[in-house]
Amino acid sequence: MGKKVLILSSSPRRGGNSDILCDTFLAGALEGGHAAEKVFLKDKHIGYCTGCGACAKGAKKCPQKDDMAKVLDQMVQADVIVMATPVYFYAMAAQMKTLIDRTCARYQEVAHKEFYFILAAADGHKKALHRTLEGFRGFTSCLDGAQEKGVVYGTGAWEVGDIKGSSAMKEAYQMGLSL
């Protein structure tokens, strides 16, 4: 039986380079027989963490009434989580950081998952994306049993569509296929 795959695309533009890589990973996962879906974060209303402390006091539920509760349910249910971001000023997009911060209420339930990271940047060097990757690793280091399984470096992609035909496209597809 295939795995349940959740792809979180934090691109602020549908069809942007990191989002194209998400679709490519998704195609590979589906062809590999997995149940996979992509959540385009721009389509969701997810407010910033307000630091109210309700989750730290055992509430298990954030008092904010937005789309994060459903996305967090999807994360808890998934076997594999793919987190994708464009790289802006050598850091992840705000949409992804907001999502990560909002997992606070139930982050301990996002346990024993396989993680893949997709990064797309105008810079042509993988080394330039290490800060962004460390941001993802900071998150997963707080999760019991999290396993980093792969990273797609979509470098040298400035304009929409620059990523097409790159080796990153093949890598994203193969990672999805070989879950």
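The values are calculated or read from the model by the stated rules, or taken from the named source; none is laboratory data. Small disclaimer: the values here were computed from a predicted structure and weren't measured. Glycine also receives a Cβ, built like all others from the backbone with ideal geometry; neighbour counts cover every protein chain displayed.
Within region 40-57, can you find the residues that are in contact with a helix residue (DSSP H, G or I) (Cβ under 6 Å, 6 or more places away or on another chain) and closer than 24 Å to Tyr153 by Cβ? Spell out how you get there, then give the answer.
Here is the first cut: in region 40-57, the ones in contact with a helix residue (DSSP H, G or I) (Cβ under 6 Å, 6 or more places away or on another chain) are 41, 46, 48-49, 55.
Listed by number, the list holds a single entry, Leu41.
Could you list, in sequence order, all residues of region 141-175 that are within 24 Å of Met75 (Cα to Cα), surrounded by 19 or more Cβ atoms within 10 Å (Cβ to Cβ) and of a type in the set (Ser, Thr, Tyr)?
Within region 141-175, Tyr153, Tyr173 meet the criteria.
Of all the residues that make up region 135-164, how many are within 15 Å of Met96 (Cβ to Cβ) and either in contact (Cβ under 8 Å) with a residue 12 or more places away in the chain or assigned to a loop (DSSP other than H, G, I, E, B) (or both)?
Looking only at that region, the number is 7.
Would you be able to tell me the number of residues in region 86-99 that are closer than 23 Å to Gly51 by Cα and surrounded by 21 or more Cβ atoms within 10 Å (Cβ to Cβ)?
Of the residues in that region, 4 qualify.
Given the conditions (1) surrounded by 17 or more Cβ atoms within 10 Å (Cβ to Cβ); (2) within 17 Å of Gln77 (Cα to Cα), which single one is not true for Gly2?
Checking Gly2 against (1) surrounded by 17 or more Cβ atoms within 10 Å (Cβ to Cβ); (2) within 17 Å of Gln77 (Cα to Cα), the one that fails is (1).
Please go through region 100-133 and give me each residue that is within 15 Å of the chain's Cα centre (by Cα) and of a type in the set (Asp, Glu), ordered by number.
Asp101, Glu114
State whether the residues of region 46-69 include one that is of a type outside the set (A, V, I, L, M, F, W, C) and within 13 Å of the chain's Cα centre (by Cα).
As a first pass, look at region 46-69 and keep what is of a type outside the set (A, V, I, L, M, F, W, C): 47-48, 50-51, 53, 57-58, 60-61, 63-67.
Still in the list and also within 13 Å of the chain's Cα centre (by Cα): none.
There is no residue in region 46-69 that is of a type outside the set (A, V, I, L, M, F, W, C) and within 13 Å of the chain's Cα centre (by Cα).
Evaluate region 50-73: report whether one residue or more is free of Cβ contacts under 8 Å to residues at least 40 places away in the same chain, in a loop (DSSP other than H, G, I, E, B), touching a Lys or Arg at 6+ places or on another chain (Cβ under 7 Å) and not hydrophobic (A, V, I, L, M, F, W, C).
Filtering region 50-73 down to residues free of Cβ contacts under 8 Å to residues at least 40 places away in the same chain leaves 50-53, 57-58, 63-70, 72-73.
Now drop any that are not in a loop (DSSP other than H, G, I, E, B), which leaves 50-53, 57-58, 63-67.
So of that shortlist, the ones also touching a Lys or Arg at 6+ places or on another chain (Cβ under 7 Å) come out as 67.
Filter again for not hydrophobic (A, V, I, L, M, F, W, C), leaving 67.
Yes, region 50-73 has at least one match.
Scanning for something surrounded by fewer than 20 Cβ atoms within 10 Å (Cβ to Cβ), at pLDDT 95 or above and not hydrophobic (A, V, I, L, M, F, W, C), does region 51-63 turn up at least one residue?
The answer is no, given that none of the residues of region 51-63 is surrounded by fewer than 20 Cβ atoms within 10 Å (Cβ to Cβ), at pLDDT 95 or above and not hydrophobic (A, V, I, L, M, F, W, C).
In this structure, is Gln108 buried (at least 18 other Cβ atoms within 10 Å of the Cβ), farther than 19 Å from Ile7 by Cβ, free of Cβ contacts under 8 Å to residues at least 40 places away in the same chain and not β-branched (Val, Ile, Thr)?
No; evaluated as a whole, the condition is false for this residue.
Restricting attention to region 86-120, which residues are of a type in the set (A, V, I, L, M), within 24 Å of Leu26 (Cβ to Cβ) and in a strand (DSSP E or B)?
Val87, Met92, Ile118, Leu119, Ala120
Conditions first: (1) in contact (Cβ under 8 Å) with a residue 24 or more places away in the chain; (2) under 28 Å from Tyr48 (Cα atoms). Ala172 passes all but one, so which condition is the exception?
(2)
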